[in-house]
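To start, the structure under review is shown below, and the notes come after it.
Derivation of every value follows stated rules applied to the coordinates shown; laboratory data play no part. Nothing here was measured: the structure is a model prediction, and the numbers come from that model. Here the Cβ positions follow ideal geometry from the backbone for every residue, glycine too, while neighbour counts run over all protein chains shown.
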Amino acid sequence: MEQRKQNGIAPSIRVKDMQKSLDFYTKTLGFQTSDKVTRKDGKVAHAAVGFDSALIMLSPAEYIRTQQTKDDLAKNKPGVGVELYIGMTASKKLDAFFSEIKGKGVTVVNEPKTEAWGDRIFTVRDPDGYALTFSEFANEVTPEARTAAFESAHQK
């Protein structure tokens, strides 16, 4: 295990089954574990995973700090409305990475495509329903073109 790192912002998501989620992120997506706490009974109590500079912290759903969040999770929808946007760096190429993980049976939301704002992206779901959008810089787009693309995509 590599030395624990502190990023400026690291999302901490609550998961129903720590081992299943840890296996998904490490064995399916190929993330590295940078921190892990195991209870005396052998169950994982916390883990931090990522590759390159991306870091996601996983915590069991029962470790929620606020009652409202506990109530929401009791409705069995931990990942609803949450999307993590993960920028790829030179260590992994987006299309090859997509082919690799698709072959492992991940739930694909969107196949790779180059967006009008200049990023090439694809989206998958983790076991708890969290959307994971992986992106890679594809081409330079002017601020005006990005604004026009955004407005076009979000018209009612």
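Quick notes
- Net dipole in debye of segment 100-156 [+1 Lys, Arg Cβ; -1 Asp, Glu Cβ; about Cα centre; nearest 20]: 200
- With the highest mean first, a sort of the peptides 15-23, 139-147 on other beta-carbon atoms found within 10 angstrom per residue produces 15-23, 139-147.
- Rounded, prolate or oblate (a/c below 1.5 giving rounded, otherwise prolate when a/b exceeds b/c) for segment 12-153 by Cα gyration tensor: prolate
- Within segment 12-153: Cβ-based charge dipole about Cα centre, in debye rounded to nearest 20 (Lys, Arg +1; Asp, Glu -1): 720
- Residue separation of D52 and E151 scaled by 0.36 nm, minus their Cα-Cα distance, works out to 32.4 nm of gained length.
- Unsatisfied cross-links (Cα-Cα over 25 Å) in the set K40/K102; K20/K102; K92/K113; K16/K104: K40/K102
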